[in-house]
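The values are calculated or read from the model by the stated rules, or taken from the named source; none is laboratory data. Please read these numbers as outputs of a predicted model, since none were measured by experiment. When we count neighbours, we look across all protein chains shown, and the Cβ atoms used for this are built from the backbone with ideal geometry, even at glycine. With ligands, DNA and RNA removed, areas are computed over all heavy atoms of the protein, side chains included. Shrake-Rupley method; radii C 1.70, N 1.55, O 1.52, S 1.80 Å.
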Amino acid sequence: MAKKPTTPLTRLRRRARWGGLSLLLALGSTACQSADDAPQSSLNPAGPYSDRPDQLWDLTFGIAVVIFVIVQGALVFALIKFRHKEGRRAAQFHGNTKVEILLTAVPALILAGLAVPTVGTIFDLSQEPPGAFRVKVIAHQFWWEFQYPEQDIITANELHIPVDTPVRLSIEGATSDRVDGSAEVLHSFWIPRLAGTQDVTPGHTNNLLIEGSEPGRYMGQCKEFCGLGHAHMRIVAYVDTQEDFDRWVADQSQSAAESASGDAATGRAIFNGEEGGGSQPCAGCHSVDAGVDATPNTGPNLAHFASRSTFAGAVFRLDFDNPEDLAAWIRDPAAVKPGAKMPDTGLSDDEIQDVIAYLETLE
Ligand code: CUA
């Protein structure tokens, strides 16, 4: 067969192929670059319980790269060396016992070798160090409750932990939803820069160790599909310096402000259902008392609502200077967060503004 002449069309095709490959490589490298400042990345660990799994990943990835290069190298070599030539016929045979034994034994050995550090890491990560700080986590549709039993603190969606301190999270799956009593579902707790994931099962308590080595703000996310609000079930973890953490504990332990006046006083009356046209008083579900035993606990405890930076499953930024999001949430929760279990309060715009003025006093 005569050699194909190079036409402008084949040249164009070749160029398009190289162009496509370069584009893929460029996209790949930008993805790697931006991973460093991505807020949720398990490849950018910020504590020992995320660093160990990351080391395991590095090892596995390194081995995978070596295998990839060997396999693809052999493939390219065979393609070139045994390519079609005039008068040459490919050898025809069925099976090769030696090669097949080799191709079974080598991957089996590699997997067995990888199992050693993997199993070791799993056991190490579950060893609770003495004196670990304790926090109880309860997963709800679609928000997280955090209880500090020894400090008698309760909060929602925003977790504070002291720096360089191992923390044992006892993560509990509620058996029925507090709002309507319907069966609760699976969730999964994940703050990628601080630890691996922990599945949450209704009626069970699972433990997860986390620790932050650098003070800062770390985003997390429910990682198990749990319904309409799954994507809006986020976590903010603050790794605080010991001083900041002690101050936070002292603030959160205090009872809520009683100093509401003017609009805020009106807002408090509306909140409690003593005034205004709301069909469901806020106080029917939300407590403004501090402490883990404060009731009602159907919705998140709001004793120190204004001290948080987010609300509604850490989806919206809490900003009392621009409270449009908060107003929209109070007006019709499910409209801004699909699946939200908080009912429409039926409050007028003026009443909502008064309630917001009251919420701002809950520091
Ligand atoms: Cu909770 Cu997904």
Region 78-137, accessible area per residue, ligands and nucleic acids excluded (1.4 Å, Å²): 86 Å²
Nitroxide proxy distance, nm - points 7 Å out along Cα→Cβ at Gln127 and Ala115: 2.2 nm
By average C-beta atoms within 10 angstrom, highest first, the peptides 101-114, 238-251, 279-292: 279-292, 238-251, 101-114
Counting other Cβ atoms within 10 Å, keep those with at most 15, restrict to DSSP loop, and tell me which chymotrypsin sites (Phe, Trp or Tyr not before Pro) in region 307-361 are left. Phe320
Return the carbon/sulfur percentage of the accessible area of the chain, one whole number, probe 1.4 Å, all protein chains in place. 59 percent
Could you state how much accessible area Thr298 has, in square angstrom rounded to the nearest 10, with a 1.4 Å probe and all protein chains kept in place? 30 Å²
Based on DSSP H runs of at least 4 residues, each adding -39500 (n - 2.57), what is the mean residue ellipticity at 222 nm of the chain after dividing by all its residues, to the nearest 500 deg cm²/dmol? -12500 deg cm²/dmol
Which angle between 0 and 90 degrees, to the nearest 10, do you get for helix 48-81 versus the longest principal axis of the chain when only C-alpha atoms count? 20 degrees
Mind giving me the FRET efficiency for Thr60 and Thr241? R0 is 35 Å, r the Cβ-Cβ distance, nearest 0.05 is fine. 0.50
Beta carbons within 10 angstrom, averaged per residue: use that to sort the peptides 133-145, 51-63, highest first. 133-145, 51-63
Enumerate by residue number the GluC sites (Glu not before Pro) in region 254-343 meeting two conditions: DSSP loop (anything except H, G, I, E, B), and at most 16 other Cβ atoms within 10 Å of the site's Cβ. Glu258, Glu274, Glu275
So which trypsin sites (Lys or Arg not before Pro) in region 317-363 end up in coil per DSSP with only 15 or fewer other C-beta atoms within 10 Å? none
